[in-house]
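For reference, the structure discussed in these notes is given below.
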Amino acid sequence: MPEESNTVGERALELLAEHGYGPTNEIEGCTTEELAQLEAEFGVELPAAYRSCMLHIGKSTNGFLRGSEFTYPAPKYQREFAEDSIERWDDLEFSLKETDFVFRGLQGSSFWFFNTEDGDDPPVYLYMEDTEPELVADTFSEWLFNEIRNKGEKRD
(Lines give C-alpha, C1' and ligand atoms only; values in the text may rest on other atoms or scores of the structure.)
Protein backbone atom coordinates (compact mmCIF):
# COMPACT_ATOMS: atom_id res chain seq x y z
CA MET A 1 0.00 0.00 0.00
CA PRO A 2 1.41 3.44 -0.87
CA GLU A 3 2.57 5.83 1.80
CA GLU A 4 -0.28 8.05 3.02
CA SER A 5 -0.49 11.48 1.43
CA ASN A 6 -1.87 13.91 4.00
CA THR A 7 -2.07 16.85 1.61
CA VAL A 8 -5.68 16.29 0.47
CA GLY A 9 -7.02 15.52 3.93
CA GLU A 10 -5.20 18.39 5.62
CA ARG A 11 -6.37 20.84 2.95
CA ALA A 12 -9.94 19.56 3.23
CA LEU A 13 -9.83 20.08 6.99
CA GLU A 14 -8.53 23.63 6.52
CA LEU A 15 -11.20 24.41 3.92
CA LEU A 16 -13.98 23.02 6.09
CA ALA A 17 -12.96 25.32 8.93
CA GLU A 18 -12.52 28.25 6.56
CA HIS A 19 -15.98 27.74 5.02
CA GLY A 20 -18.01 27.45 8.20
CA TYR A 21 -17.77 23.79 9.14
CA GLY A 22 -15.27 24.23 11.97
CA PRO A 23 -13.93 24.16 14.54
CA THR A 24 -11.63 21.43 13.37
CA ASN A 25 -11.87 19.56 16.68
CA GLU A 26 -15.50 18.78 15.74
CA ILE A 27 -14.41 17.09 12.50
CA GLU A 28 -13.31 13.48 12.78
CA GLY A 29 -11.46 11.15 10.45
CA CYS A 30 -11.64 7.41 9.96
CA THR A 31 -9.10 5.02 11.36
CA THR A 32 -6.69 3.13 9.12
CA GLU A 33 -8.49 -0.04 10.25
CA GLU A 34 -11.84 1.24 8.97
CA LEU A 35 -10.31 2.08 5.60
CA ALA A 36 -8.64 -1.35 5.49
CA GLN A 37 -12.08 -2.89 6.09
CA LEU A 38 -13.49 -0.97 3.11
CA GLU A 39 -10.61 -2.12 0.92
CA ALA A 40 -11.04 -5.73 2.01
CA GLU A 41 -14.81 -5.67 1.61
CA PHE A 42 -14.63 -4.34 -1.95
CA GLY A 43 -11.35 -5.95 -2.99
CA VAL A 44 -9.78 -2.65 -4.04
CA GLU A 45 -6.97 -0.36 -2.99
CA LEU A 46 -8.43 3.06 -2.27
CA PRO A 47 -6.66 5.95 -4.01
CA ALA A 48 -4.28 8.04 -1.88
CA ALA A 49 -6.36 11.24 -2.23
CA TYR A 50 -9.53 9.51 -0.98
CA ARG A 51 -7.66 7.76 1.85
CA SER A 52 -6.16 11.06 2.97
CA CYS A 53 -9.58 12.72 2.89
CA MET A 54 -11.19 9.96 4.90
CA LEU A 55 -8.36 9.86 7.47
CA HIS A 56 -9.00 13.54 8.21
CA ILE A 57 -12.73 14.13 7.68
CA GLY A 58 -14.27 10.75 6.88
CA LYS A 59 -16.32 10.12 10.00
CA SER A 60 -17.74 13.52 10.88
CA THR A 61 -17.72 16.61 8.69
CA ASN A 62 -19.67 18.85 11.07
CA GLY A 63 -22.48 19.32 8.56
CA PHE A 64 -20.64 19.26 5.24
CA LEU A 65 -22.68 17.20 2.75
CA ARG A 66 -25.44 16.78 5.34
CA GLY A 67 -28.35 14.91 3.81
CA SER A 68 -26.16 12.71 1.63
CA GLU A 69 -24.26 9.55 2.41
CA PHE A 70 -20.58 10.46 2.46
CA THR A 71 -19.16 9.81 5.91
CA TYR A 72 -18.17 6.39 7.22
CA PRO A 73 -19.81 3.87 7.41
CA ALA A 74 -22.04 5.02 4.50
CA PRO A 75 -19.51 4.04 1.78
CA LYS A 76 -19.96 0.42 2.88
CA TYR A 77 -23.54 0.50 1.55
CA GLN A 78 -23.43 2.91 -1.38
CA ARG A 79 -22.44 0.44 -4.07
CA GLU A 80 -25.47 -1.72 -3.34
CA PHE A 81 -27.77 1.32 -3.48
CA ALA A 82 -26.13 2.43 -6.73
CA GLU A 83 -26.53 -0.97 -8.36
CA ASP A 84 -30.20 -1.08 -7.32
CA SER A 85 -30.73 2.34 -8.88
CA ILE A 86 -29.04 1.33 -12.14
CA GLU A 87 -31.09 -1.89 -12.37
CA ARG A 88 -34.36 0.09 -12.35
CA TRP A 89 -33.62 1.46 -15.83
CA ASP A 90 -33.96 -1.19 -18.55
CA ASP A 91 -32.53 0.90 -21.38
CA LEU A 92 -29.48 2.12 -19.48
CA GLU A 93 -26.29 0.59 -20.89
CA PHE A 94 -24.15 1.30 -17.85
CA SER A 95 -22.96 -0.87 -15.02
CA LEU A 96 -20.33 -0.35 -12.35
CA LYS A 97 -16.97 -2.03 -12.85
CA GLU A 98 -15.55 -4.15 -10.05
CA THR A 99 -12.91 -1.46 -9.53
CA ASP A 100 -15.42 1.41 -9.28
CA PHE A 101 -15.92 2.73 -5.77
CA VAL A 102 -19.08 4.62 -4.85
CA PHE A 103 -18.10 7.17 -2.21
CA ARG A 104 -21.24 9.30 -1.96
CA GLY A 105 -24.94 8.76 -2.46
CA LEU A 106 -27.95 11.06 -2.44
CA GLN A 107 -31.49 9.82 -1.82
CA GLY A 108 -30.92 6.55 -3.67
CA SER A 109 -31.06 8.22 -7.07
CA SER A 110 -27.68 9.91 -7.48
CA PHE A 111 -24.21 8.74 -6.63
CA TRP A 112 -20.60 9.79 -7.10
CA PHE A 113 -17.86 7.29 -7.84
CA PHE A 114 -14.33 6.84 -9.13
CA ASN A 115 -12.36 3.94 -10.52
CA THR A 116 -9.77 2.78 -8.02
CA GLU A 117 -7.38 1.92 -10.85
CA ASP A 118 -7.28 5.50 -12.19
CA GLY A 119 -4.35 6.67 -10.06
CA ASP A 120 -3.81 8.31 -6.70
CA ASP A 121 -6.29 11.14 -7.38
CA PRO A 122 -8.83 9.70 -9.83
CA PRO A 123 -11.54 11.44 -11.87
CA VAL A 124 -14.99 11.63 -10.30
CA TYR A 125 -18.21 10.65 -12.07
CA LEU A 126 -21.82 11.43 -11.19
CA TYR A 127 -24.72 9.10 -11.97
CA MET A 128 -28.23 10.58 -11.77
CA GLU A 129 -31.17 8.20 -12.09
CA ASP A 130 -31.75 7.17 -15.71
CA THR A 131 -28.74 8.82 -17.36
CA GLU A 132 -25.25 7.71 -18.23
CA PRO A 133 -22.62 8.87 -15.71
CA GLU A 134 -20.85 12.13 -16.43
CA LEU A 135 -17.39 13.31 -15.51
CA VAL A 136 -17.76 16.04 -12.86
CA ALA A 137 -14.13 16.53 -11.82
CA ASP A 138 -10.77 15.58 -13.23
CA THR A 139 -9.60 14.51 -9.76
CA PHE A 140 -11.15 13.53 -6.46
CA SER A 141 -9.34 16.38 -4.69
CA GLU A 142 -10.73 18.91 -7.20
CA TRP A 143 -14.24 17.55 -6.59
CA LEU A 144 -13.81 17.65 -2.81
CA PHE A 145 -12.35 21.14 -2.59
CA ASN A 146 -14.98 22.56 -4.97
CA GLU A 147 -17.80 20.95 -2.98
CA ILE A 148 -16.50 22.49 0.24
CA ARG A 149 -16.14 25.93 -1.36
CA ASN A 150 -19.54 25.77 -3.08
CA LYS A 151 -21.53 24.49 -0.12
CA GLY A 152 -19.86 26.43 2.69
CA GLU A 153 -19.89 30.03 3.82
CA LYS A 154 -16.52 31.73 3.53
CA ARG A 155 -15.26 33.12 6.82
CA ASP A 156 -12.71 35.91 6.82
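Counting chymotrypsin sites (Phe, Trp or Tyr not before Pro) as exposed when in a DSSP loop with at most 16 other beta carbons within 10 Å, what is the longest stretch of the chain free of them? Spell out each step's value before the answer.
Working: sites that count: Trp89, Phe94.
Answer from the scan: 1-88.
Where is the GNM fluctuation largest for the chain (alpha-carbon springs, 10 angstrom cutoff): Asn25, Asn115, Asn146?
Of Asn25, Asn115, Asn146, the Gaussian network model singles out Asn25 as fluctuating most.
Identify all lysines with a Cα-Cα distance to Lys151 below 28 Å; exclude those on the same chain that are fewer than 8 residues away in sequence.
Counting by Cα, and skipping residues close in sequence, Lys151 has these lysines nearby: Lys59, Lys76.
So how much slack lies between Val44 and Thr99, counting 0.36 nm per residue of separation and subtracting their Cα-Cα distance, in nm?
Working it through step by step, the gained length comes to 19.2 nm.
If I fit a long axis through the Cα atoms of helix 7-18 and take the longest principal axis of the Cα atoms of the chain, what angle between them do I get, 0 to 90°, rounded to 10?
70 degrees
Roughly to the nearest percent, how much of the accessible area of the stretch 1-154 is carbon and sulfur, given a 1.4 Å probe?
Here it works out to 43 percent.
Scanning the chain for trypsin sites (Lys or Arg not before Pro) in DSSP loops with at most 14 other Cβ atoms within 10 Å, what's the longest stretch left with none?
1-65
Can you tell me the dipole magnitude for the chain around its Cα centre, using point charges on the Cβ only (Lys, Arg +1; Asp, Glu -1), in Debye to the nearest 20? Can you show the working numbers first?
Working: 13 positive and 35 negative charges, 160 e Å.
For the chain, the charge dipole is close to 760 debye.
Determine the dipole magnitude for the stretch 56-121: charges of +1 sit on the beta-carbon of Lys and Arg, -1 on that of Asp and Glu, nothing else is charged, the reference point is the Cα centre, and the result goes in debye to the nearest 20.
Charge dipole, the stretch 56-121, about its Cα centre: 580 debye, nearest 20.
Angle, helix 140-151 long axis vs. longest principal axis of the chain, Cα atoms, 0 to 90°, nearest 10?
Rounded to the nearest ten degrees, it is 70.
Just reorder Asp138, Asp91, Asp84 by solvent-accessible area, largest first, 1.4 Å probe, all chains present.
Asp91, Asp138, Asp84
Over the chain, give the accessible area per residue in Å² for a 1.4 Å probe, as an integer. Display every interim value, and only then the final one.
Values: 8070 Å² over 156 residues.
Each residue of the chain exposes 52 Å² on average to a 1.4 Å probe.
Taking a spot 7 Å from the Cα of Arg66 along the direction of its beta carbon, which residues of the stretch 17-45 have an amide N less than 17 Å from it?
Inside the label zone: 17-28.
State the Cα centre-to-centre distance between the stretch 5-76 and the stretch 84-134 in whole Å.
19 Å
What angle, in degrees between 0 and 90 and rounded to the nearest 10, separates the Cα long axis of helix 48-57 from the longest principal axis of the Cα atoms of the chain?
Compared with the principal axis, the helix lies near 60 degrees.
With all protein chains present, calculate the accessible area of Asp120 using a 1.4 Å probe and round the result to the nearest 10 Å².
Ignoring ligands and nucleic acids, Asp120 comes out at about 100 Å².
The values are calculated or read from the model by the stated rules, or taken from the named source; none is laboratory data. Quick caveat: nothing in here was measured; it's all calculated off a predicted structure. Every residue, glycine among them, receives a Cβ derived from its backbone with ideal geometry; neighbour counts consider all protein chains shown. Calculation scope for accessible area: heavy atoms of the full protein, side chains included, ligands and nucleic acids excluded. Shrake-Rupley method; radii C 1.70, N 1.55, O 1.52, S 1.80 Å.
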